[in-house]
Amino acid sequence: MKKHKKKIIVANIKMNLLSVLERDNYLKSLEGEIKKGGFDDVEVIFCPPSVYLESFSKTLKGKKVFVGAQNIHWEKKGTFTGEISAPMVKGINATHVIIGHSERRHGLGEDNEMVNRKLKAALEEGITPIFCFGETRNERDLGATKDVITKQIIEGLGDISPMKLSKIIFAYEPVWAISAGPGMPSVVPNSNEIMELRILVKKIITEKYGASRAEEIRITYGGSVNANILKPTCLDSGMDGALVGGESLIPLKFMELARMLNK
Ligand code: 13P
């Protein structure tokens, strides 16, 4: 029998919630939303800035949602100023980590080899990596989407063993569809374009690891997701859920998306 896969929704809070007051208001509002329920069949993950990981983890403990980091270093400890490591994330009971986000790839020079090391560091610690990949507008216009995605996935996974594959959440985020900020206009791919991409990812995984491994993996979509586009981008396209930036800043709106995925 085919294993039932839970849908996934990730709140990538990015570099937001600027004060302790703002953070506490967010958590208070979120606790209220969690109490309303309606998301039992969805894996809901909150990725706050690293300074708030511990408070999110403590406040949300036992509340059927997960907490994740937005990044880790591949080393466990040492002379890496400004970095946090997988054991630290695990130590405060966070369970997930976003890896290879385009804002790190393009803004901070993170390459596929670094992504590979980070994926392995997370897996080694038993933390679920949310592995991001996606093409830029320019790459898409040049017809290079397939090659870019293939390279990101093949080099990102590197020598990761087939056994570990189902522990990774794959996240397709076309860079051109990511919103520049709340209320900014954005262009998003249609459900067929996302479905094609999903098929491409499955093909890449099938070639590298075989069809049954490809069957197991979960792939989410990210880029300007809100209540109006959740259905075409994340459900009609056959995706397994959503990675949400801007709309995750308002718990009421974000948890509504989680409930929509639950249906
Ligand atoms: P937006 O939902 O704001 O477009 O952000 C997407 C994203 O980058 C999530 O990781």
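What pairs can you find where one residue is in region 100-121 and within 15 Å of ILE168 (Cβ to Cβ), the other is open to solvent by 70 Å² or more (accessible area, probe 1.4 Å) and part of a helix (DSSP H, G or I), and their Cβ atoms are less than 6 Å apart, with a gap of 6+ or different chains?
Final answer for the pair search is ASN112/GLU155.
Could you tell me which of the residues LYS61, LYS77 is in contact (Cβ under 8 Å) with a residue 12 or more places away in the chain and away from the ligand (no atom under 16 Å from the Cβ)?
Every option except LYS61 fails the conditions.
Is it the case that some residue within region 228-239 is part of a loop (DSSP other than H, G, I, E, B), within 14 Å of the ligand (Cβ to nearest atom) and open to solvent by 10 Å² or more (accessible area, probe 1.4 Å)?
Yes, that holds for at least one residue.
Under 25 Å from GLU247 (Cβ atoms) and surrounded by fewer than 22 Cβ atoms within 10 Å (Cβ to Cβ), is that true of GLU155?
Considered against the rule, which asks whether it is under 25 Å from GLU247 (Cβ atoms) and surrounded by fewer than 22 Cβ atoms within 10 Å (Cβ to Cβ), GLU155 comes out as no.
Identify the single condition in (1) closer than 18 Å to LEU53 by Cα; (2) buried (at least 22 other Cβ atoms within 10 Å of the Cβ); (3) not hydrophobic (A, V, I, L, M, F, W, C) that GLY126 does not satisfy, given that it satisfies every other one.
(2)
Can you give me the number of residues within region 167-187 that are touching a residue at least 24 places away in the same chain (Cβ under 8 Å), open to solvent by 50 Å² or more (accessible area, probe 1.4 Å) and within 19 Å of the chain's Cα centre (by Cα)?
Going through region 167-187 one residue at a time, the tally reaches 2.
Any residue at all in region 12-32 that's open to solvent by 60 Å² or more (accessible area, probe 1.4 Å), in a helix (DSSP H, G or I) and aliphatic (A, V, I, L, M)?
Yes - at least one qualifying residue is present in region 12-32.
Could you list all residues from region 240-263 that are more than 10 Å from the ligand (Cβ to nearest atom), open to solvent by 20 Å² or more (accessible area, probe 1.4 Å), modelled with pLDDT of 95 or more and charged (D, E, K, R)?
Correct list: LYS253, GLU256, ARG259.
The values are calculated or read from the model by the stated rules, or taken from the named source; none is laboratory data. Values in this document were obtained by computation on a predicted structure and should not be read as measured data. So basically every Cβ, Gly included, is an ideal-geometry build from the backbone, and we count neighbours across all protein chains shown. Side chains are part of the model used for accessible areas, which takes the heavy atoms of the whole protein and leaves out ligands, DNA and RNA. Shrake-Rupley method; radii C 1.70, N 1.55, O 1.52, S 1.80 Å.
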